[in-house]
Amino acid sequence: MRKADRLFQLINLIRSRQPITAEKMAEELGCSVRTIYRYIDDLSVSGVPVYGARGRGYRLHAGYELPPLNLTGEELDALMLGVRMVNSWTGDALSAPARSLANKIEAVVPAQLRERHSRRLFAPDFSNSTESKALWESVYHAVKNSYAIHIDYQASNGERTSRVIYPLGLFYWGGKWTIGSWCALRKDFRDFRLDRIDGFATEREPFPDDPSINLEAYLASVKK
């Protein structure tokens, strides 16, 4: 990676995680702490208003803005493919903004780069029906607003159950969406595939008053 690209990456890291220590930046960028100190000096000399507080880490001066974004061809490929995947495999709440974002990106990148890179990777929508998109949309809003939902669910063994769940996140597994949830029936974290949900209703009741029921705890249970 070119030094200029590494410095740009460092600025983005500081801006998004500030205050952040040199040790943490070295871990994120895969370099030594000494290299981070050298990069910080380079940024200061070039006029980037970065400053450090002992024991806390580095910050950028309030109001600092990065210059216009310059994308490589591969970065544009990655960005446009991600946008197209969102458009194809989610609901209207995100697919419409994804299309708008794609138009904005293609409007500002150089024509030569756009022609060579932005139209060669695709995410076709072969399977998402109107009903499945509507279900995704409903679950998305429940996750976003922390609403409980009631589902009729068919397990992999054919067993059918009705239960109230507290959705914590939506996860895409290369063809299937699942809801990472707290299940009121099992009193434990559970995953539910969207394509196995037969009935759905938003309960609009608050989550249980239990600080251990959260996305971080769910993710920790998945890793066990």
Next on the checklist: When the residues of region 20-42 are narrowed to those that are in a loop (DSSP other than H, G, I, E, B) and surrounded by 15 or more Cβ atoms within 10 Å (Cβ to Cβ), which ends up modelled with the lowest pLDDT?
Outcome noted: Cys31
Item to check | Residue that is modelled with the lowest pLDDT, among those in region 43-72 that are under 30 Å from Ala98 (Cβ atoms) and surrounded by 15 or more Cβ atoms within 10 Å (Cβ to Cβ) | outcome: Leu71
Next on the checklist: With the requirement that a residue be under 23 Å from the mean Cα position of the chain (by Cα) and surrounded by fewer than 19 Cβ atoms within 10 Å (Cβ to Cβ), what does region 144-170 give you?
Outcome noted: Lys144, Asn145, Ser146, Tyr147, Gly169, Leu170
Next on the checklist: So in region 72-101, with the set limited to residues that are in contact with a Phe, Trp or Tyr (Cβ under 8 Å, 6 or more places away or on another chain) and either of a type in the set (Val, Ile, Thr) or not in a helix (DSSP H, G or I) (or both), which one is farthest from Leu135 (Cα to Cα)?
Outcome noted: Thr90
Checklist entry - Filter region 125-140 for residues that are exposed (fewer than 15 other Cβ atoms within 10 Å of the Cβ) and assigned to a helix (DSSP H, G or I); which is modelled with the highest pLDDT? => result Ala134
Checklist entry - Regarding Phe207, is this residue modelled with pLDDT of 95 or more and either surrounded by 11 or more Cβ atoms within 10 Å (Cβ to Cβ) or out of contact with any Lys or Arg (no Cβ under 6 Å at 6 or more places or on another chain) (or both)? => result no
Checklist entry - Based on what the data block shows, is Arg114 in a loop (DSSP other than H, G, I, E, B), of a type outside the set (Ser, Thr, Tyr) and over 23 Å from the mean Cα position of the chain (by Cα)? => result no
Checklist outcome for this item: Exactly one of Glu205, Glu159 is more than 19 Å from Leu135 (Cβ to Cβ), touching a residue at least 40 places away in the same chain (Cβ under 8 Å) and not assigned by TED's automatic domain parsing to the domain that holds Ala93, and that one is Glu205
Checklist entry - For region 43-54, how many residues are in contact with a Leu (Cβ under 7 Å, 6 or more places away or on another chain) and in a helix (DSSP H, G or I)? => result 1
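The values are calculated or read from the model by the stated rules, or taken from the named source; none is laboratory data. Quick caveat: nothing in here was measured; it's all calculated off a predicted structure. Quick reminder, even Gly has a Cβ in these numbers, built from the backbone with ideal geometry, and neighbours come from all protein chains shown.
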